[in-house]
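Q: Below you'll find the structure I mean.
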Amino acid sequence: MLTPVLLPADHLVRFGLTFDRGGAHLARSMMLEELTLLLQAVTSPNAKMDNYHHAVIHENCLAKRSSKTRQLTFRHLKSLYSLDPDAAIFRAMRFFWQRDTESRGLLAFLVAYSRDNILRSSAPFVMQLSLGETVKC
């Protein structure tokens, strides 16, 4: 039986995971539609973060109404998915994104889960719910 190896947080951060107290989920969802549009606009797997920034801010590839909304959207996408080709987790997502289009939602979830503390903290509760079940406080 394999024993899981727990890596120190600084090692995980080098792969692209984050451990910030907040996260994009305080203000947004996984932004799957925006991520899809962005990765359609920036097709090179070798693109740098500046290319993603330019596509969102200057080309308005996400069709946002104002520059403020474009900036906020880019910030949330960067927080959730890194958008940095130097981060292994983003490179892996880009690699599989083109190869398994049916699994893009799950792939985005896995990356967002690894980068968003709020999503990680709430996932166990949400995962126990049935599809369509309403949560009452």
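The values are calculated or read from the model by the stated rules, or taken from the named source; none is laboratory data. All figures in this text were calculated on a predicted structure; none of them were measured in a lab. Don't worry about glycine lacking a Cβ; one is built from the backbone with ideal geometry, like all the others, and counts go over all protein chains shown. Heavy atoms of the whole protein, side chains included, go into the accessibility calculation; ligands, DNA and RNA do not. Shrake-Rupley method; radii C 1.70, N 1.55, O 1.52, S 1.80 Å.
Q: Pull out all pairs, ordered by first then second residue, where Cβ-Cβ is under 6 Å, the residues are six or more apart or on different chains, the first lies in region 30-57 and is open to solvent by less than 30 Å² (accessible area, probe 1.4 Å), and the second is part of a loop (DSSP other than H, G, I, E, B) and β-branched (Val, Ile, Thr).
A: Close Cβ pairs (under 6 Å, with a partner that is part of a loop (DSSP other than H, G, I, E, B) and β-branched (Val, Ile, Thr)) amount to 52/42; 55/42.
Q: What number of residues within region 61-79 satisfy the criterion of being surrounded by 18 or more Cβ atoms within 10 Å (Cβ to Cβ) and of a type in the set (Val, Ile, Thr)?
A: The qualifying residues number 1.
Q: Within region 45-72, how many residues turn out to be modelled with pLDDT under 95 and either small (Gly, Ala, Ser) or touching a helix residue (DSSP H, G or I) at 6+ places or on another chain (Cβ under 8 Å) (or both)?
A: Qualifying residue count for the region: 1.
Q: Next question, about the same structure. Can you say whether residue 103 is part of a helix (DSSP H, G or I) and over 16 Å from residue 79 (Cα atoms), as far as the supplied structure shows?
A: yes
Q: While we're on this one: Could you check how many residues of region 114-125 are open to solvent by less than 80 Å² (accessible area, probe 1.4 Å) and part of a helix (DSSP H, G or I)?
A: Looking only at that region, the number is 8.
Q: Which numbered condition in (1) closer than 12 Å to residue 35 by Cβ; (2) of a type outside the set (D, E, K, R); (3) under 16 Å from the mean Cα position of the chain (by Cα) is the only one that residue 89 fails?
A: So the condition that residue 89 fails would be (1).
Q: Taking only region 80-113 into account, find how many residues are open to solvent by 40 Å² or more (accessible area, probe 1.4 Å) and among the hydroxyl-bearing types (Ser, Thr, Tyr).
A: Going through region 80-113 one residue at a time, the tally reaches 3.
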